[in-house]
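The values are calculated or read from the model by the stated rules, or taken from the named source; none is laboratory data. Not measured: the values here are computed from a predicted model. So basically every Cβ, Gly included, is an ideal-geometry build from the backbone, and we count neighbours across all protein chains shown. Surface accessibility is based on the protein's heavy atoms, side chains included, excluding ligands, DNA and RNA. Shrake-Rupley method; radii C 1.70, N 1.55, O 1.52, S 1.80 Å.
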Amino acid sequence: STLFVVCTSSIWALLPLLVKVHYKRGPTTYGLIMALFGAGAVLGATVILPRLRKSLLPNQIVNRAWFCFALCLLGLSVSEENLVPQVPAVAMLVAGMSWLCILSSFHLAVQWVAPPWVRARAMSVYLLCFFGAATVGSTVWGLLASQAGLSVALWVPAASVVISLVMT
């Protein structure tokens with residue numbers, strides 16, 4: 001979970017800059033792309049995840065969604081100005097679905113393994129680690145983007161996600 005959050009925090013840290021500098025667009029495009037992420041999450045919660053849970057094990061859902069999220073990071077990094085907003089829009093829609101499938105599975109796992117008397121404390125520690133990882137990841141990806149560029153700062157976490165998926 002921590003590795004996933006560290007890697008995926010690159011979207012939250014770099015998307016405003018990506019839209020402004022790489023895509024050469026403004027707040028309207030940024031808002032649209034963020035809305036599509038939210039729409040993807042809602043679609044994932046209401047349509048996709050219930051169907052996946054009928055036919056796949058939780059690990060299989062997480063692995064597939066993890067891979068889809070990596071593809072979305074790559075899609076964001078390679079989109080050129082003339083492909084905006086189509087490619088980033090699709091990438092963020094799928095990223096929202098993937099994000100929801102992964103995090104709901106992680107949240108459920110934490111609650112499932114913790115005894116009832118300590119479940120709230122387990123969730124609080126889990127969320128502390130979650131937000132700490134997002135903070136660290138955002139810092140790392142921001143520093144990498146300032147040194148190597150935005151595309152590299154999205155390729156590296158995407159590759160890290162894929163490598164970690166292969167290794168598990």
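The table for this structure:
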| quantity | calculated |
| --- | --- |
| Residue match in region 2-25 (condition: without any contact (Cβ under 8 Å) to a residue 40 or more places away in the chain and not in a helix (DSSP H, G or I)) | no |
| Filter result for the condition that a residue is β-branched (V, I, T), open to solvent by 80 Å² or more (accessible area, probe 1.4 Å) and on the phi < 0 side of the Ramachandran plot, over V136, V156, V161 | V136 |
| So V62, is it exposed (fewer than 14 other Cβ atoms within 10 Å of the Cβ), among the hydrophobic types (A, V, I, L, M, F, W, C) and within 18 Å of S1 (Cα to Cα) | no |
| Qualifying residue in region 93-100 (condition: closer than 21 Å to L17 by Cα and of a type in the set (V, I, T)) | yes |
| Any chance S146 is over 19 Å from V6 (Cβ atoms), open to solvent by 50 Å² or more (accessible area, probe 1.4 Å), modelled with pLDDT of 95 or more and in a helix (DSSP H, G or I) | no |
| Of all residues making up region 117-156, the number that are closer than 11 Å to L14 by Cβ and among the small types (G, A, S) | 8 |
| Test result for A70, closer than 14 Å to S104 by Cβ and surrounded by 15 or more Cβ atoms within 10 Å (Cβ to Cβ) | no |
| Of residues in region 3-40 being under 21 Å from Y126 (Cα atoms) and at pLDDT below 90, the one least open to solvent (accessible area, probe 1.4 Å) | F4 |
